[in-house]
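Participant: Starting off with a structure, shown below.
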Amino acid sequence: MTVYDIIFYLFALITVGSAFFVVTLRNIVYSAFFLLFTLFGVAGLFVLLSADFIAVVQLVIYVGAILVLLLFGVMLTHNITQVQIKTGTLQIIPSAIAVLILAFSLIKIFLNTNWKTVPLTVQSSSVEGLGVLLLNQYSVVFELIGILLLIALIGAASMARR
Amino acid sequence: MVLMGIELILNSANINFVAFARYGNFGNSGQLTALFVIILAAAEAAIAMAIVLNIYKMFTNINIDEIDTLKD
């Protein structure tokens, strides 16, 4: 059990624990704040996986933009007095069966796969490699995603104005 | 509520991408895919927020159990 393992389990615990609260809590504002902890935990996991750029992007986009947008939506669409939302548990038996089947098959696959790992090398930073990859091998995807963001922006603006 | 669930699912997929990119022999492609997923999540959140605001204007609540028409 090295320090790395301890930090990993700490972050994993933060992530999974607050994700559980996001789903189960009935007050939607509390859920949003627990989502914040989940996103921070995921960013920490990215740092541990030596994906520093992804971690920073995660913090900037998720915590900085998406979460603020979600909170904004929650505040705009709820009277603060009646923020309780009904989380229906009508379909709990079929969903439990489906989740059990999925989890069983995932664990089965996980145990039966012969995992090949490369020896870990200490990378200094992944930013340069990502940039080269983004503008050479994945340039079409890069352009497409730019166009998609533009379309999403225009669509959201025009839809919200109606 | 549903939106937060979607964000959680996308995040878990991202963890998988980055972890396989770290321990497998794929270079940085996995991290780049995670980046694209993050961008898609941002676009999706913006669109979804516009839809939610419209729904709120129409029904004055956003409880998805009570929203059953697309047009009035």
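Participant: List the pairs whose first member sits in region A:134-162 and is over 15 Å from B:A46 (Cβ atoms) and more than 8 Å from chain B (Cβ to nearest Cβ), whose second member is open to solvent by 90 Å² or more (accessible area, probe 1.4 Å) and in a helix (DSSP H, G or I), and whose Cβ atoms are under 9 Å apart, counting only residues at least 6 apart or on separate chains?
Facilitator: Cβ pairs passing all conditions: A:F142/A:L135.
Participant: Kindly provide the set of residues from region A:128-162 that are polar (S, T, N, Q) and exposed (fewer than 11 other Cβ atoms within 10 Å of the Cβ), ordered by number.
Facilitator: A:N136, A:S158
Participant: With the structure loaded, tell me whether B:I38 is in contact (Cβ under 8 Å) with a residue 12 or more places away in the chain and within 7 Å of another protein chain (Cβ to nearest Cβ) or whether it fails that test.
Facilitator: yes
Participant: Right, something else. With the checklist (1) free of Cβ contacts under 8 Å to residues at least 60 places away in the same chain; (2) more than 22 Å from B:I47 (Cβ to Cβ); (3) open to solvent by less than 10 Å² (accessible area, probe 1.4 Å) in hand, flag the one item A:A51 doesn't pass.
Facilitator: Result: A:A51 passes all but (1).
Participant: Scan region B:8-21 residue by residue and report those that are within 7 Å of chain A (Cβ to nearest Cβ), surrounded by fewer than 21 Cβ atoms within 10 Å (Cβ to Cβ) and not small (G, A, S).
Facilitator: Answer for region B:8-21, where residues must be within 7 Å of chain A (Cβ to nearest Cβ), surrounded by fewer than 21 Cβ atoms within 10 Å (Cβ to Cβ) and not small (G, A, S): B:L8, B:I15.
Participant: When you look at B:L53, is it in contact with a helix residue (DSSP H, G or I) (Cβ under 9 Å, 6 or more places away or on another chain), in contact (Cβ under 8 Å) with a residue 24 or more places away in the chain and open to solvent by 30 Å² or more (accessible area, probe 1.4 Å), yes or no?
Facilitator: No, not satisfied.
Participant: Anything in region A:26-68 that is touching a strand residue (DSSP E or B) at 6+ places or on another chain (Cβ under 9 Å) and either at the interface with chain B (Cβ under 7 Å from one of its Cβ atoms) or charged (D, E, K, R) (or both)? List them, or say none. Walk me through it before giving the result.
Facilitator: Quick first cut of region A:26-68, residues touching a strand residue (DSSP E or B) at 6+ places or on another chain (Cβ under 9 Å) only: A:26-28.
The answer is A:R26, A:I28.
Participant: Continuing with the same structure: Please note which helices (runs of 4 or more DSSP H) are completely contained in region A:64-162 and include at least 1 residues that are modelled with pLDDT under 80 and among the hydroxyl-bearing types (S, T, Y).
Facilitator: On the way: elements: A:67-77, A:92-112, A:127-135, A:139-161.
Ranges flagged: A:67-77.
Participant: Evaluate region B:58-67: report whether one residue or more is open to solvent by 60 Å² or more (accessible area, probe 1.4 Å) and in a helix (DSSP H, G or I).
Facilitator: The initial filter retains those residues of region B:58-67 that are open to solvent by 60 Å² or more (accessible area, probe 1.4 Å), namely B:58, B:60, B:64-66.
Restricting the remaining residues to those that are in a helix (DSSP H, G or I) gives B:58.
Yes, region B:58-67 contains at least one residue that is open to solvent by 60 Å² or more (accessible area, probe 1.4 Å) and in a helix (DSSP H, G or I).
Participant: Quick test for you: out of B:A43, B:A21, pick the one residue that is under 11 Å from the mean Cα position of the chain (by Cα) and either over 23 Å from A:G146 (Cβ atoms) or in a helix (DSSP H, G or I) (or both).
Facilitator: Numbers: B:A21 fails: under 11 Å from the mean Cα position of the chain (by Cα).
When all the criteria are applied, what remains is B:A43.
The values are calculated or read from the model by the stated rules, or taken from the named source; none is laboratory data. Computed from a predicted model, the values in this text were never measured in an experiment. Counting neighbours? That spans all protein chains shown, and the Cβs are built from the backbone with ideal geometry, glycine included. The protein model used for the area step is the full one, side chains on, heavy atoms only, and it has no ligands, DNA or RNA in it. Shrake-Rupley method; radii C 1.70, N 1.55, O 1.52, S 1.80 Å.
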